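Novice: Dumping the structure here so I can ask a few things about it.
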Amino acid sequence: VNMGNTCFMNSSLQCLSNTIPLTDYFLGYDYRSEINLDNFLGTKGALVSSYAEVIKHLWLGSNPSFKPDEFKSNLELFAPQFEGYEQQDAQELLAFLLDGIHEDLNRVKNCPYIEDKDSDGTNDEGDAVLAWSNYLQRNMSIIVDLFQGQLRNTMVCRNDDQRQPDGSYGCGHRNVKFDPFMYLSLPISAECNTLEDCLNLFCQEELLSGDEKWYCPKCKTHVEATKKIDLWMLPPILIIHLKRFKFCSSGQRSKIDRSIQYPLNDWDLSSVKKSSAGVDPLYDLYAVSHHRGNVGFGHYTAQAKNRFDGKWYDFNDSQCHQIEPSKENLGSGPSAYCLFYNRVERVVENGNEAKRNTIIRRQSANRPELWPHLQRATVALWKSTRLEFDRPEMDE
């Protein structure tokens with residue numbers, strides 16, 4: 001139910017509700033046993049418990065609509081910027097909500113201090129595994145299991161006072177870091193027509209200069225540098241945020257209404273995923289958060305694929321009806337704002353290749369055989385990986 005101008009919240013909740021592994025976790029697992037009551041960054045379970053009630057009403061309730069007022073109140077306690085009933089940004093709500101659920105369900109009770117390690121790009125596969133190991137010592141939850149992947153961030157010194165024999169500038173210092181991500185915020189330019197174009201723009205190398213100069217530890221001063229972000233490890237559930245809103249030079253916020261084509265099935269990201277480890281990054285679309293209208297007078301809706309009948313449905317606040325993807329132009333248009341993709345894994349059955357639903361491997365600092373870096377299409381390639389680990393696990 002729209003409680004004023006809360007369509008942004010309704011759209012986000014419907015997309016998350018149709019994230020089946022997350023919904024199954026709340027409906028079929030004792031999530032309360034994982035609430036972290038000692039984490040000062042969370043709400044001691046208030047937010048995640050009220051979210052679970054929303055999911056329970058949406059999937060098991062008898063009423064055709066539900067007013068999530070208790071959920072909204074707990075969200076406001078965690079993120080005060082959502083107080084009141086003004087229109088807000090659906091992606092910002094998603095980011096804060098997933099972060100809040102993570103903090104409430106973080107399985108790490110005592111977080112050790114771990115200093116970030118700088119790498120030089122000579123051992124990326126090993127450095128990425130170490131960075132993931134360090135991250136899991138502070139962060140383990142269903143949100144990490146489902147939504148979090150890894151980016152490679154490469155900085156290269158381009159100090160114009162240092163010139164190399166090949167004519168290039170810079171002292172040669174290279175800094176590589178592997179950072180976790182929960183969603184990808186992709187830019188849109190006038191040249192972008194497809195989701196692939198936006199992704200390529202996101203991964204495009206950029207030169208940092210002027211006020212954005214980088215401090216080079218070798219030159220010991222701020223210098224011009226190149227920055228390059230690459231996809232390294234991709235999660236089971238991939239959320240894509242199209243950056244349709246921007247601030248103009250006047251300070252006013254405006255919207256980019258460019259039509260972007262995006263795949264519905266079999267989106268293969270093998271060409272942009274730089275790590276050779278992990279399972280094949282093949283994704284199917286299952287939900288979309290739409291924004292129609294302009295900045296001041298816009299409206300959010302959602303479309304999602306039902307788990308039981310495989311049909312697509314449109315969610316407009318308290319209204320829901322089935323749609324035909326071809327008639328709704330699902331897969332292109334200027335309104336798609338957040339895209340939700342579900343990874344499918346290829347298997348060979350009776351000599352034929354088939355696809356199966358997302359496999360969720362519960363992340364643990366003590367179970368490296370479950371880390372995404374150590375998965376392969378052929379499990380037997382890794383002696384330390386047991387076949388039974390392919391089943392969703394709920395133990396440490």
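The values are calculated or read from the model by the stated rules, or taken from the named source; none is laboratory data. Every value quoted in this text rests on a predicted model; they were computed, and no experiment measured them. Methodologically, a virtual Cβ is constructed for each residue, glycine included, from the backbone with ideal geometry; neighbour enumeration extends over all protein chains shown. Quick note on the areas: whole protein, heavy atoms, side chains included, nothing else; ligands and nucleic acids left out. Shrake-Rupley method; radii C 1.70, N 1.55, O 1.52, S 1.80 Å.
Novice: Collect residues whose amide H, placed 1.01 Å from N in the peptide plane, falls under 5 Å from the amide H of Phe181; neighbours closer than 5 in sequence don't count.
Specialist: Those qualifying (amide H under 5 Å, at least 5 residues apart or on another chain) are Gly149, Gln150, Leu151.
Novice: Shape call for the range 95-198 from the C-alpha gyration tensor, a ≥ b ≥ c root eigenvalues: rounded (a/c under 1.5), prolate (a/b greater than b/c) or oblate?
Specialist: Working: a/c = 3.04, a/b = 1.44, b/c = 2.11.
Oblate shape, in that a/c is at least 1.5 and b/c is the bigger or equal ratio.
Novice: Enumerate the amide H contacts of Phe245 below 5 Å, restricted to partners 5 or more residues apart or on another chain; note that Pro and chain-start residues carry no placed amide H.
Specialist: Ile256
Novice: Okay, moving on. Convex hull over the Cα atoms of the chain, averaged projected area in nm²? All intermediate terms of the calculation are to be shown ahead of the outcome.
Specialist: Numbers: hull surface 90.4 nm².
Approximately 22.6 nm², given one-decimal rounding.
Novice: Evaluate the distance, in nm, between pseudo-label points positioned 7 Å from the Cα of Ser250 and of Leu208 along their respective Cα→Cβ axes.
Specialist: 3.3 nm
Novice: Right, another one. Can you give me the distance in nm between label points at Ser33 and Asp160, each placed 7 Å from the Cα along the Cα-to-Cβ direction?
Specialist: Reported label-point gap for Ser33 and Asp160 is 6.3 nm.
Novice: Distance from the Cα centre of the range 164-192 to that of the range 94-153, in angstrom?
Specialist: Value for the Cα centre distance between the two parts: 20 Å.
Novice: Considering lysine pairs in the range 19-144 that are 8 or more places apart or on different chains, how many have Cα atoms under 27 Å apart?
Specialist: Working: Lys44/Lys56; Lys44/Lys67; Lys44/Lys72; Lys44/Lys109; Lys56/Lys67; Lys56/Lys72; Lys72/Lys109; Lys109/Lys117.
Lysine pairs meeting the criterion: 8.
Novice: Divide by every residue of the chain the summed helix terms, -39500 (n - 2.57) for each DSSP H run of at least 4, and state the resulting mean residue ellipticity at 222 nm, rounded to the nearest 500 deg cm²/dmol. List each step's numbers first, then the result.
Specialist: On the way: 8 runs with 88 residues, N = 396.
Result for the chain: -6500 deg cm²/dmol, rounded to the nearest 500.
Novice: For Thr226 and Asp118, what is the calculated FRET efficiency with R₀ set at 22 Å and r taken between the beta-carbons, to the nearest 0.05?
Specialist: Values: r = 16 Å, r/R0 = 0.75.
Efficiency, rounded to the nearest 0.05: 0.85.
Novice: Is the C-alpha gyration tensor of the range 266-370 telling us rounded, prolate or oblate? Criteria: a/c under 1.5 is rounded; beyond that, a/b larger than b/c is prolate, otherwise oblate. Intermediate values should be presented prior to the final figure.
Specialist: On the way: a/c = 2.18, a/b = 1.79, b/c = 1.22.
Since a/c reaches 1.5 and a/b is larger than b/c, the shape of the range 266-370 is classed as prolate.
Novice: If r is the Cβ-Cβ distance from Phe40 to Ser270 and R0 is 35 Å, what FRET efficiency results, to the nearest 0.05? Working shown, then result.
Specialist: Working: r = 41 Å, r/R0 = 1.17.
With a Förster radius of 35 Å, E is 0.30.
Novice: Further question on the same structure: If r is the Cβ-Cβ distance from Tyr215 to Asp69 and R0 is 51 Å, what FRET efficiency results, to the nearest 0.05? Kindly include the intermediate steps, with their values, before the conclusion.
Specialist: Working: r = 48 Å, r/R0 = 0.94.
So, using R0 = 51 Å, E works out to roughly 0.60.
Novice: What are the residues whose amide H is under 5 Å from the amide H of Ser119, where those residues sit 5 or more places off or on another chain and H is modelled from the backbone?
Specialist: HN-HN under 5 Å from Ser119: Val176.
Novice: Given Gly296, Pro64, Gln164, which one lies farthest toward the positive end of the charge dipole of the chain, if we put +1 on the Cβ of every Lys and Arg and -1 on the Cβ of every Asp and Glu?
Specialist: Going by the Cα projections, it comes out as Gln164.
Novice: Whole number please: convex hull volume per residue, Cα atoms of the range 190-286, in Å³.
Specialist: On the way: hull volume 14.7 nm³, N = 97.
Convex hull of Cα atoms, per residue: 151 Å³.
Novice: Once you put a point 7 Å from the Cα of Phe96 and another 7 Å from the Cα of Ala190, both along the Cβ direction, what distance in nm separates them?
Specialist: Reported label-point gap for Phe96 and Ala190 is 3.5 nm.
Novice: Out of the total accessible area of the chain (probe 1.4 Å, heavy atoms of protein only), what percent is carbon and sulfur? Walk me through the intermediate numbers first.
Specialist: Working: 9010 of 19190 Å².
Carbon plus sulfur share of accessible area: 47 percent.
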